[in-house]
Amino acid sequence: MKHRVEQRIQQASLEDPKNEHLKSQRIKIHQAQISTLHSFCLKVIQQHYDVIQLDPNFRTISEVENVLLLEQSIDEVLEHHYEDPDIEFLTLVEQLSNDRNDDGFREILKRFYYFSIANPSPFKWLDSLVDPYENDEKQQDYLKELKILAEIYMKAAFDSLLEAENLLSHCNAVEKHLEVVQREKMICQRILEDGVLNRDALLNHTPEKFPQMSSKIKKENEDLETLEDIKSFYKEYNETIQNVKNKYLMRSVDELKDDMKQLAPRIKYLVQIIKDIINDFAKKKRSRNVLDFADYEHFALQILTDENGTPSTIAKEYRHQFEEILIDEYQDTNTAKYTLVKLLVGVMGQFTAVGDDDQSIYAWRGAKPENMALLKDDFHNLKVIKLEQNYRSTSRILHAANSVITNNEHLFEKKLWSDKGHGELIRIINCRNDDDEAERVAKEIITHKLRNANDWQDYAVLYRSNFQARMLEAQLRQLQIPYKLSGGTSFFARSEIKDIMSYLRLILNPEDDSAFLRIINTPKRGLGPASLEKLGLFAQEHQVSLLMASGHSGLTHVLPKKASGELKEFADFIERYTQELYQHPDPVPLVKQMIDETGYIDLVRSEAKTPQQEKIRIDNIETLYASIQNLINRADDDDDRTIDAVIRKLVLLDML
């Protein structure tokens, strides 16, 4: 990175040899520190570990060990609460879990854990969650947010009506349909008069039933897909209206306030459980003398602040050391990182933040693009420079992109432009459903390739949501079109596929520890995080894989009889099916038998919340079996028909 920056400065200096600033930058670049924020935090900790009384021989915990240790903390904290259960705890578990287990509750605890540690003061942030349930003023703010959400949905419903009206205006013999839409449009305008939602007017309104599209109307209009779109837009309008009424307006303000006050004790208990997990997890890491990335941030913050929360002497030394600071991808910083930046920069510091609020993708782990908007409050001399020129796309593509995001909430308004010319026209095709869309895309690629003698690598398919990948991949496979999936969730990234692939990977490679960890408790075999941790230490000590360690005779000396027995049984199971699959001429039925014997199919059925979800997951598994069979059937020679060759291809496809 430093070398590339130096080259760019040198090039600019040649173009402008009298520029003294560039000459200065060429000298300073050799002294610059370029690293990630986490690397910088680690350096601060290594140099000042004594300030926080940290053992200097600490190590960075591995991702697998970190996950197992956190799971162990959650297990032990919940076990403590289960031993002497409070009524609020039992109510929480019942409300946030399904009928079979408390996995849903555990996932919520993990999400709150990760959000809390993204803040400089996790406990303070957790306490703030209780405020709206107890504080009348905070409740009022919360209710205002609900009203804003209701208004946003109502505006979306109104937009659906406008789309239906626009399409109807181009159709024949649809006067009654147009009248219904226009009447609803007038009512919507009254409900949203001056942009403010009229609660009573909406609650008292029930949308008209949309007239049927008769056979006469269908004869009068050649484009039947447009008629289907009209029905869809009106249905979307109707459903949005009902959603707003049921979710946001059905209960009065006083009723909502009473509900929140009744929920306050449960929220407090939830917050306390998360605090217990944070404390327990921190103790476990300290006892092992390990740090994770969140520790990097929090320990660095402790070093850079004094007891009053103001910048420490060490922070001031760093301010003096760094004349200028630049941070890239600023939209992905969390609150802890933002606090760290302010400590390093100071009020008058030379500071550059590069980011794009429209490209924030890590909100799920605590990133806050709003940090970019806060810059103007903390740095009063802030100068905003918009880098709006796009160097890759044509003007037509950029105009379309601007139109797509124009209704989003923007922290900074931008208009992208390009000097690459207008570019080719964008063609929009209406399809009946997802399957039809995927089929059209695949056939268009084949047709265009044959007409123009192109290579497969000349084509790309961009889709909006990951769920569309399965249909596209299925059509591409069916038409034998080779492809790579980039930057999205492949069919092979679905949980049920990853689980079964992990069984197959372990058969292919007994030293695949990540595959072992994924399936050793899928389905559950009664092996907790403590047992798996001991297994990992045993494997490290004997320099063998986790699977090999599971079948080791010495394991009984470090694990209880039940746990070691379960591991031995699993190792024998994998060994037996490895031998059978390598010898069997038709391995697919044997793969099905193996997965059935594990109880995995029963697990999928028991975990499914709806029959539709169960069908989707079972269908995915059947698709995987069919893919294995297709690879065998299409193999050119016997060597490519073996189970190991097929699994290798599947793993390679997954990697691609």
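Structure notes:
- Surface accessible to a 1.4 Å probe, per residue, for the residues of the chain, Å²: 61
- Segments 522-533, 606-617 sorted - mean Cβ within 10 Å per residue, highest first: 522-533, 606-617
- Rg/Rh, computed from the Cα trace of the chain with Rh as the Kirkwood radius, has the value 0.98.
- Contact order for segment 52-208, expressed relative to its length and based on alpha carbon pairs under 8 Å spaced 6+ residues apart, stands at 11 percent.
- Mean sequence separation of contacting Cα pairs (under 8 Å, at least six apart), scaled by the length of the chain, corresponds to a relative contact order of 11 percent.
- The chain, accessible surface, carbon-and-sulfur percent (1.4 angstrom probe): 50
- Largest-first ordering by accessible area, 1.4 Å probe, given options F281, F58: F58, F281
- Ranked packing of 567-579, 384-396, 152-164, most packed first, by mean Cβ within 10 Å: 152-164, 567-579, 384-396
- Distance between the modelled labels on Y582 and R286, one decimal in nanometres: 5.0 nm (7 Å Cα→Cβ projection).
- Here the calculated FRET efficiency for L149 and D84, from their Cβ-Cβ distance with R0 = 41 Å, stands at 0.55, rounded to the nearest 0.05.
- Using the Cβ-Cβ distance between T91 and A173 with R0 set to 56 Å, the FRET efficiency from 1/(1 + (r/R0)^6) comes to roughly 0.45.
- Length gained on full extension, D596 to E134, computed as 0.36 nm times the residue gap minus the Cα-Cα distance: 161.2 nm.
- With the simple model of a label 7 Å out from the Cα in the direction of the Cβ, Q31 to K235 spans 6.8 nm.
- A straight Cα-to-Cα reach below 27 Å connects K615 with the lysines K235, K484, K498, K524, K592, K649, residues fewer than 8 places away in its own chain not being considered.
- Beta bridge orientation in the chain: antiparallel %, DSSP, nearest 5: 10
- Put simply, when 499-511, 233-245 are sorted by average Cβ atoms within 10 angstrom per residue, most first, you get 499-511, 233-245.
- Between E107 and E225, the FRET efficiency from the beta-carbon distance, with R0 = 51 Å, is close to 0.80.
- Cross-link pairs K147/K414; K43/K386; K155/K245 - those with Cα-Cα distance over 22 Å: K147/K414; K43/K386
- Distance in nm between pseudo-label sites at Q242 and S24 (7 Å out along the Cβ direction from Cα): 6.7
The values are calculated or read from the model by the stated rules, or taken from the named source; none is laboratory data. Small disclaimer: the values here were computed from a predicted structure and weren't measured. We place every Cβ from the backbone using ideal geometry, glycine too, and count neighbours over all the protein chains shown. Ligands, DNA and RNA are stripped out before the accessible areas are found, and what is left, the full protein with its side chains, is counted by its heavy atoms. Shrake-Rupley method; radii C 1.70, N 1.55, O 1.52, S 1.80 Å.
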